[in-house]
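J.: To start, I am sharing the structure in question, which I have written as structure tokens.
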Amino acid sequence: MPNCNLDAIFVRNATSNGKAKETYYDNSITGFTLEVRSTGSMTYALRYRDPHGKLRQHTIGNAKDISFQQAKTTAEKLRSRVVLGDNPAEERKTKRTVPTLAEFASERYMPFIKGYKKSWDSDDSYLRNQVLPRFAHCHLDEVTQQAVIELHHSMKAAGYAPATANRMVILMRYMYNLAKKWKIPGGEVNPTHGVVMFEVNNARERFLTADEAQRLVQTVKDSEN
């Protein structure tokens, strides 16, 4: 594992020295490496020790996909985070475990509410007809407040009653609250927070009949007030 001064020229001429794989360590950025394989492929990475002292490696990218300067800049940023106690490799690993909304709904949410909520079929209907058509393939951390607002308003524009559109927001809010409570990756931020509900007016306008109007007039006449 030789040390060197990594730069664009070095990368262009780097070889595996007859080995299946050779790893070069940069002299200027601690842990910044270039891995060269006998096939000619090259990968940038940052090696470091996590807060528990365990050796970790965060892959930055293939040398064919990013320039040396891009890799170096990324390595500098990652190194700064490591010094401050972050663990980029673990964060990437956690990121890969974030479920989609459809996965969370089918594997965690629906089994949970079926165990205690008699009207669980109502939630199932809202999910299938409103929420999942829009967010099924989104990972939990990809659903934004703006996207929820757009769905909320589009339901009203499509002719749904305000209470029905609000129910969609309430359902999603509860789902994300549970995701956070259960420590599901990606559920740390609830995208429904700050979404303003539509005003619901359940009062019905009714006009007095002729008989009712006559009795009202007579009551007013007879009243001392």
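J.: Show me the helices (runs of 4 or more DSSP H) found entirely inside the range 88-197 where at least 1 residues are of a type in the set (A, V, I, L, M), surrounded by fewer than 17 Cβ atoms within 10 Å (Cβ to Cβ) and under 19 Å from the mean Cα position of the chain (by Cα).
T.: Those helices (runs of 4 or more DSSP H) span 101-104, 145-157, 162-181.
J.: Within the range 45-66, can one find any residue that is closer than 30 Å to G186 by Cα, touching a helix residue (DSSP H, G or I) at 6+ places or on another chain (Cβ under 8 Å) and among the polar types (S, T, N, Q)?
T.: yes
J.: Next question, about the same structure. Please give the strands (runs of 3 or more DSSP E) falling wholly within the range 23-74 in which 3 or more residues are surrounded by fewer than 15 Cβ atoms within 10 Å (Cβ to Cβ) and on the phi < 0 side of the Ramachandran plot.
T.: 55-62
J.: Spot the failing condition for T73; the list is (1) modelled with pLDDT of 95 or more; (2) under 17 Å from D26 (Cα atoms); (3) within 25 Å of the chain's Cα centre (by Cα), and only one is missed.
T.: (3)
J.: What number of residues within the range 75-87 satisfy the criterion of being assigned to a loop (DSSP other than H, G, I, E, B) and open to solvent by less than 80 Å² (accessible area, probe 1.4 Å)?
T.: Residues meeting the conditions: 3.
J.: Here's a follow-up. Take the range 7-22 and flag every residue that is in a strand (DSSP E or B) and open to solvent by 20 Å² or more (accessible area, probe 1.4 Å).
T.: K21
The values are calculated or read from the model by the stated rules, or taken from the named source; none is laboratory data. Keep in mind that what you see is a predicted model, and the values were worked out from it rather than measured. Here the Cβ is made from the backbone with ideal geometry for all residues, glycine too, and neighbour counts use every protein chain on show. All accessible areas refer to the heavy atoms of the entire protein, side chains included, with ligands and DNA or RNA removed. Shrake-Rupley method; radii C 1.70, N 1.55, O 1.52, S 1.80 Å.
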